[in-house]
1. Along the positive direction of the dipole of the chain (beta-carbon charges: Lys, Arg +1; Asp, Glu -1; about the Cα centre), which of Trp98, Ala81, Asn61 reaches farthest?
2. List every residue whose amide H lies under 5 Å from the amide H of Phe15, counting only residues 5 or more places away in sequence or on a different chain, with H placed 1.01 Å from N in the peptide plane.
3. So which chymotrypsin sites (Phe, Trp or Tyr not before Pro) in the chain end up in coil per DSSP with only 16 or fewer other C-beta atoms within 10 Å?
4. Would you work out the charge dipole size for region 3-107 about its Cα centre, treating the Cβ of every Lys and Arg as +1 and the Cβ of every Asp and Glu as -1, and quote it to the nearest 20 debye?
5. Calculate for the chain the 222 nm mean residue ellipticity that helices alone would give, adding -39,500 (n - 2.57) per DSSP H run of length 4 or more and normalising by residue count, nearest 500 deg cm²/dmol.
Amino acid sequence: MDAEKYFSFIDSDKFVGLGADGSNWNSVEELRAMIVPGFNMVKEIKLLEFTNVKISVIDKNTAVLVNEYQQSMILANGELAEGAGGGTQVWSKASGNWLLVSISASAKR
C-alpha cells in the first residue's frame, strides 16, 4: 500500500477529519500518524468493495461523496482482518485539482 500516493489526494493545508473512533484529525499529520502504521501492517488486500456510493455536487468547486465499504486483508503477521463501515469525503477543487479536505469514517458493528 502506497501511503504517499494516498496522501497526494489530500489538501494538506485545509484537511480536517473524523475517525471511526470519534476522534478528530485536525491536521493531515494527525491522519498520517494513524494511516502510515496501518498501511505498514497490511501484507495483502483480499477484498475492498465500495457500495451505496452517492456523490453530491455542491458547486463547481465542492463535492461530497458518501459510501459503504467492506474489506478483508492479510496482515503482515499472517492474520486475516475484516471490516465494514461507511465514509464521507469532501472534495474541493483548488488550482485546478480536486483534493480531499475532509474524511470521516464509521465502522459497522
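1. In the chain, that residue is Asn61.
2. Val28
3. Values: sites: Tyr6, Phe7, Phe9, Phe15, Trp25, Phe39, Phe50, Tyr69, Trp91, Trp98; in loops: Phe9, Phe15.
Counting only loop positions with at most 16 other Cβ atoms within 10 Å, the chymotrypsin sites (Phe, Trp or Tyr not before Pro) in the chain are Phe9.
4. On the way: 8 positive and 12 negative charges, 62 e Å.
The dipole of region 3-107 has a size of about 300 debye.
5. On the way: 2 runs with 18 residues, N = 109.
Helices in the chain give a 222 nm mean residue ellipticity of -4500 deg cm²/dmol.
Read-outs: derived from the displayed coordinates by stated rules, not from any lab. From a predicted model like this one, the values you see are computed outputs, not experimental measurements. Don't worry about glycine lacking a Cβ; one is built from the backbone with ideal geometry, like all the others, and counts go over all protein chains shown.
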